[in-house]
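Below is one structure, written out as structure tokens; the observations come after it.
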């Protein structure tokens, strides 16, 4: 096979690829066997028609499409490897010559990864964010733990409800005196103040008592996801069947023993303080990394192809869709609720997508220029970390990611390039001006 590369524009190339006639003949033979099984020629059973008869009846061109599907992808991949290019888009294929007894000649026009000229990599000035954990931070975390482990205790029939209480209610909704779909519920658990119901609904249950029946009037928001209810006034008949209030445990040694492995409250406080310091240090280090990446990227020269930005936008849209599904919402439902379009979302993502692509291109160039490699040991360490984080067996993790090793190794390579920036940075105790940051999710 022969191939020739021509640079058309900054990041676009054209490959002219020639496939030997014997390869073409082999592909045509395979195409004939495949086509003969699906076409009908009078006087012959399917699969039994001689090739000359089939070609005479349908024309030789009937075999070309199948033959091209066999030959072109492998020839294109080989040409990409031979010419040492990294495509970032699907190729535009144009067949120049396809005749029996002659070589196949086709062109592939494709956008390739751009050249990066690094700017400053070593000696970048970066600020060291202050690490400070106050006692009120520790007390706030303790309060969160108290809320998490609070016991729900039933309140008496004569005790009015208040925000934070958890009610069990039956309700039925009416619009213009008629029930509407989705407007009825039984034994529904509702925390007052959670804002999970229509605005104004929960507020009108504050002060109610167990056994009481109330009529509540609310108005559906104009942008309500169910268009047939949006902007309409509804009457809800609500019965309070049960009410519970969170009872907080006192902060003492007994509480510490109940919620942790520590014997005393002071030991628990010290552990919380230690964890908060570690978290603050991790955040500070990540802020330094983000600042270094952005400064290195901004000082580099690179002309980013639009295709790379659009590919990253698509990745971000897929990630957003996955997060929505995790919350039980489809992308279509989200778009209907917000009145947005897919293109609106893409337009919103493009600036960050461009930043992510630029950052990653620069980090890859740093790795290349400073001979940073990913070793088997690096990969093993990553697998062990994932196994530890998810409580899995290392071999099981490896099985699950067997088809994603290249992607994982790329992530490790980028991380090692960032560590190189950190190692060579000039860390200042006083803050310096921070550039706009964007990191890949």
Discussion item. Can you show me the helix-derived [θ] at 222 nm for the chain, built from DSSP H runs with n ≥ 4 at -39,500 (n - 2.57) apiece and divided by the number of residues, rounded to the nearest 500.
Written reply: -15000 deg cm²/dmol
Worksheet item: Nearest 0.05, what FRET efficiency do residue 253 and residue 298 give at R0 = 60 Å with Cβ-Cβ as r?
Response: 0.65
Item to complete: Would you kindly state how much longer the chain becomes between residue 162 and residue 215 on full extension, computed as 0.36 nm times their sequence separation minus their alpha carbon distance, in nm to one decimal?
Response: 17.3 nm
Worksheet item: Once both labels are modelled 7 Å past Cα along the beta-carbon direction, what's the residue 39-residue 332 spacing in nm?
Response: 4.0
Fill in: Mean-position separation - Cα centroids, region 75-89 and region 261-278, in angstrom
56
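By how many nm would the segment from residue 261 to residue 135 grow when fully extended, if each residue of separation counts as 0.36 nm and the alpha-carbon distance is taken off?
43.2 nm
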Worksheet item: Which FRET efficiency value, to the nearest 0.05, is calculated for residue 228 and residue 350 with the Förster distance at 35 angstrom and r the Cβ-Cβ distance?
Response: 0.50
Item to complete: Can you bin region 247-336 into rounded, prolate or oblate? Criterion: square roots of the alpha carbon gyration tensor eigenvalues sorted a ≥ b ≥ c, rounded for a/c under 1.5, prolate for a/b above b/c, oblate for the rest.
Response: oblate
Worksheet, complete the sentence: Note on the chain: contact order normalised by length, alpha-carbon pairs under 8 Å, 6 or more apart, percent, works out to 17
Worksheet, complete the sentence: Once residue 100 and residue 314 are pulled to full extension, the length gained, defined as 0.36 nm per residue separation minus their Cα-Cα distance, is 72.9 nm
Worksheet entry | region 301-315-region 345-377 distance, computed between alpha-carbon centres (Å) | 11
Worksheet entry | Where labels lie 7 Å past Cα in the beta-carbon direction, separation of residue 325 and residue 146 in nm | 4.2
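All of the numbers you see were taken from the coordinates with simple rules; none came from a lab. This structure is a prediction, so every number in the text was calculated from the model and none was measured. Positions of Cβ are backbone-derived with ideal geometry, glycine not excepted, and every protein chain shown enters the neighbour counts.
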